Each structure stands twice: as structure tokens, then as C-alpha cells.
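Have a look at the structure below before the remarks.
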Ligand code: AAO
């Protein structure tokens, strides 16, 4: 009994599930490969005014510079040291970003690559973003420093030294993932170096971490590192706040490891979410939207309060990682907007929106041969994210988070936060609708015929603005206006394969919140 209580106490103390977003902000966005200077500006000019809670940033530490192929995005997942010195900018620029984003209430979450250093085959030298000497063959990383003592070479039990069998838990944790030199995280010295790095970031003001390749680390080793972490910076966070932790564990079932082993440390990425939602929206394997009625735990997902969810991520949008061809991305814009809209309207999980750049996708034998292509750049230097007159991004940046439907659904999620899913309706096929208490209502039509029906919304009577088809600007609705009488929506008519969202247009608390973000007047009724 005593043992049980002690265990429970430790787990409770250190597990960190709370993202520390500003009150009323419920989603984060991954600004994949953005420069710190651009993220700082985006926090001020766009993310804060539109109610985004935070940003997942690409790994900020010194990393390998790969020239063959030329500067792939994945070079950032090959650490050379923990100096804050990456393709996105230097330490001063990083600090400036964290300060400016925090000052407008937008949090920064760092992608922490702590399972490994660079690949075993990299050439010894100084070809890295900060020029620290390293030698993968002798395991010397002078910028940390690490030496041969600090890696798992002696511990790995596979023939090749690499992970050969995902059904062998020890191999997955102790051997090299795609040849990446596997750190001995059971060593106090290594834990200390990793914790020093994370603590420097915490002291600068970050709110938490994505733990890259968490599946390849023993949960107990992660916990030991988390123990060493500082509380968040009290300039922006309340006394005693622990960093938000979400661990990248790919668990689609059928392997030795499960996500639940990591719940004691924090949240975990739910990869089934995007894989299944993509299958439903594409209507593969006989799936249809009507089946989404019990979406969430009912579909075999982890508990909602442990899940970090997303439609696509930087790996599976280009065929890396897991999920396969069902994953929806900006390349399938119409279905993608519906899927992201569904995710943001549905109460399950903590939501992350993806924001990408264009690359010359080209399939050969079912594989994108350009899956390595890095961010828009001039001779390797990442290009600025420019903003066009119509608020879209230039210079090759996609900026899905600026797409009207996605941006407005981020606001919708904030407004309906805490409200239960209610008034589910479906036609037995791919037309579905549901509300979130009396705050908002959404309708999807992914059938090949139009939708025309009367729905119970749960909303107070009034005129509502559909924020999928338009915006509410200065009290004027540029989208479809929807009239709700009593507790019934009188009329919903939608062309095939569209969606529309309705939320309260009366001057209520929830609407005022949105107005505050937009700094617009609220005279519309
Ligand atoms: C690069 C080169 C390599 C080279 C290496 C070292 O591409 O050829 O050997 O350098 O020189 C990224 C890139 C890698 C890149 C690496 C380092 O994706 O291509 O390697 O940077 O530059 C596993 C891990 C997961 C990982 C994912 C990519 O579990 O942690 O692979 N994601 C993170 C990052 C990612 C990064 C790293 C980790 C490394 O997000 O960007 O790599 O820091 C199964 C397993 C999964 C496993 C996948 C892929 O999934 O379950 O755990 O993910 O395989 O190996 C079905 C199954 C599903 C299965 C899937 C694929 O869907 O249901 O379970 O098939 O088989």
C-alpha cells in the first residue's frame, strides 16, 4: 500500500499535462522551420489577435549541416550540441522571440531532440550550424561535451546496432533509430547535460517541450530528466508552474510499446487520430462521418486529457513517421479544412495545427522522392515569411493557420471551451452536425449531394454568422447568415462537400472574447 501511494505521489507531482496557454486559448500551431525573427512577428501581428495559444518551434539547438542532399529539413533532428544556434536563428533571436511572444500571451514549446546526436555515418569535422567540432566515429561532441562513454553502444543487443525489430522494447530504446547515435540516458552525466539545455530554455521563458522520439527513450529515464527541470519563468508564469510535456510516441497498435507507458511523464501524441480521421474523410475502408459520433476514446484512442492531437505533422505530411497515405495535408485542401475543422470543433484532446512550406512533391513508385526538401531558402539560408496583401503568406510558405476556415475554427474552439458535445445529428452517411453546449454549432457535408434539413442546435434564438464561409468583421457578417429560432435552426442549406459553422452572434461573453482578440468593435447583433 505504501509503495503504491508513493508511486502515485511521484507520478502526480511531475507529470505535466497543462500547456499553460493564456486563459481562453486552446490550440497551438507548429510553425515548422520558421525563423525566430518571423515567429516573433507572427505572434504579435497574427497569433495573439486571433487567439492562438502557442507555437511549437523547430529544434533550436546546434545541428548537423547536410549538403547531400542539400540542406534537408531533417538535418535539424541530428544534434551536434545544445548551443542555441540553429537554422532558425541564434540565441539572441530566440530570446527575443520568446519574450515578444510571451508578452502578447503566446507560448513557445520547444521540439527537444534528446534521444540521440547525429547519424553514425556523418563526416567528422565542423559542418554544423555553429561550427562545434564533432566526430561520430569516436563519439566526440566537443560542444557538449560527450564522448564514447555517453552512448548506448554497449547496451544495444541487435546485430547491426540499429533498431531492427519494433516488437523488441529494449531494442527500440537502446539501439540506433535510423543510425542516429543513441545517448545513454541512464547516465547521470548525460541526464545533467540534457537537463541543463532544457533549463536554459525554461529560464528564457519557454512553456514546455515536445520530446522527439520519446518512444526510443525509457519512460524512467525521461522522468529522471524531468525531475531536474526548473519551474517556468515567473515573469510570465505563476509560481511553481511545471513545463508542459508532450512526448512523440507513435503507437498505432501491434508493437511492443504502448503510449500508456508514457502517461506518467506528460501528454503523448495520438497518431491514431490523424490516420483514422484521414481514412474517414477520404471514405476509405467503408468509413463515413456518421461513425464519428463516438470519436475519441470510443475509437480506441488514449484518454482525452493525455492526448496531443493533430491532423498531420511534419513527418507524415511527407511520408515519414507513421499514418501512411490516409493522412490529410494542405495538398488536399478541401478535405483538409474539413478535417481540421472537425478536430477544432470536437472536444477530444489538446489540439495542434500544422503550418507548412511548399516543396516540389513528386511521387515515384508511391514514394515522394522530394520528401527531404528543406524550407524555402537562398543558398541554405531560410527565407523570410512574407505576408501578402490578402493576408496569405509568400516566399513558399503555406501558412495553413492563416486559412480563414482554420483560423476561425481556432477562435471557435476558444469560444466553446469547456462546453460538452451536444445535439449530434447525422444522416447515416457523411453529413453530420453537432453543437458545443449553447455556444457554437457546426455542420459538415462530405456527401456528394446537398444537405437541407432542420436541426436542433441548442443555441439561443438569433442570427448567427457562419465563420467557415466568411468572417465577422466590425459587427458585419461576410459569410452566410444563419437564423436560429427557438432551439431550432430553421434552415441549413449547403452545397455538397462543404461545412459551415455557426456561433452566437448576440453580444455575449463568448463573442466579446473573440472581439477582444481581433480588437474589433462588437456592434453586430
Ligand atoms: C535521416 C535520413 C536517414 C539516415 C539518418 C541518419 O533520412 O536515411 O539514416 O538521417 O543519418 C527525421 C527524419 C529521418 C531523418 C532523421 C535525422 O524523419 O528521415 O533520418 O530526422 O535526420 C520512427 C520514430 C519516430 C520518428 C519517425 C520518423 O519512432 O520517433 O521514425 N519521428 C521523429 C521526428 C522525425 C525525426 C526523428 C524522430 C529523429 O518527428 O522528424 O526523423 O530525430 C513505425 C514505428 C514508428 C517509426 C516508423 C518510421 O511506424 O512504429 O515508431 O517512427 O515506423 O520508422 C505503419 C505502422 C507504423 C509504422 C509505419 C512505418 O503506419 O502502423 O507503426 O507503418 O513503417
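Worth pointing out:
- Of all residues making up the range 118-130, the number that are assigned to a strand (DSSP E or B) and away from the ligand (no atom under 14 Å from the Cβ): 1
- Of the residues 272, 288, 276, the single one that is away from the ligand (no atom under 16 Å from the Cβ) and either crowded, with 18+ Cβ neighbours inside 10 Å or in contact (Cβ under 8 Å) with a residue 24 or more places away in the chain (or both) is 288.
- Test result for residue 76, surrounded by fewer than 22 Cβ atoms within 10 Å (Cβ to Cβ) and not in a strand (DSSP E or B): no
- The residues in the range 175-192 that are touching a strand residue (DSSP E or B) at 6+ places or on another chain (Cβ under 7 Å) and assigned to a helix (DSSP H, G or I) can be counted, and the count is 3.
- Test: residue in the range 232-244 that is within 16 Å of the ligand (Cβ to nearest atom) and either under 30 Å from residue 39 (Cβ atoms) or in contact with a helix residue (DSSP H, G or I) (Cβ under 6 Å, 6 or more places away or on another chain) (or both): no
- Criterion (away from the ligand (no atom under 11 Å from the Cβ) and in contact (Cβ under 8 Å) with a residue 24 or more places away in the chain) met by exactly one of 184, 170, 214: 184
- Residue 71 being on the phi > 0 side of the Ramachandran plot and either modelled with pLDDT of 95 or more or within 12 Å of the ligand (Cβ to nearest atom) (or both): yes
- Failed criterion for residue 43 (all others in (1) part of a loop (DSSP other than H, G, I, E, B); (2) touching a helix residue (DSSP H, G or I) at 6+ places or on another chain (Cβ under 7 Å); (3) buried (at least 24 other Cβ atoms within 10 Å of the Cβ) hold): (1)
- Candidates 332, 305 - the one that is touching a residue at least 60 places away in the same chain (Cβ under 8 Å) and either more than 16 Å from the ligand (Cβ to nearest atom) or surrounded by fewer than 16 Cβ atoms within 10 Å (Cβ to Cβ) (or both): 305
- Residues that are surrounded by fewer than 17 Cβ atoms within 10 Å (Cβ to Cβ), in contact with a strand residue (DSSP E or B) (Cβ under 8 Å, 6 or more places away or on another chain) and in contact (Cβ under 8 Å) with a residue 24 or more places away in the chain within the range 117-130 comprise just one, 127.
- Unique match (being within 16 Å of the ligand (Cβ to nearest atom), touching a residue at least 12 places away in the same chain (Cβ under 8 Å) and out of contact with any helix residue (DSSP H, G or I) (no Cβ under 8 Å at 6 or more places or on another chain)) among 197, 262: 197
- Selected residue (only one of 133, 146 is without any contact (Cβ under 8 Å) to a residue 60 or more places away in the chain, under 31 Å from the mean Cα position of the chain (by Cα) and away from the ligand (no atom under 14 Å from the Cβ)): 146
- Verdict on residue 378 being surrounded by fewer than 23 Cβ atoms within 10 Å (Cβ to Cβ), at pLDDT 90 or above, over 26 Å from residue 290 (Cα atoms) and more than 24 Å from the chain's Cα centre (by Cα): yes
The values are calculated or read from the model by the stated rules, or taken from the named source; none is laboratory data. Just so it is clear, the structure is predicted and the values come from calculations on it, not from any experiment. Because the Cβ atoms are built from the backbone with ideal geometry, glycine has one as well, and the counts that use them run over all protein chains shown.
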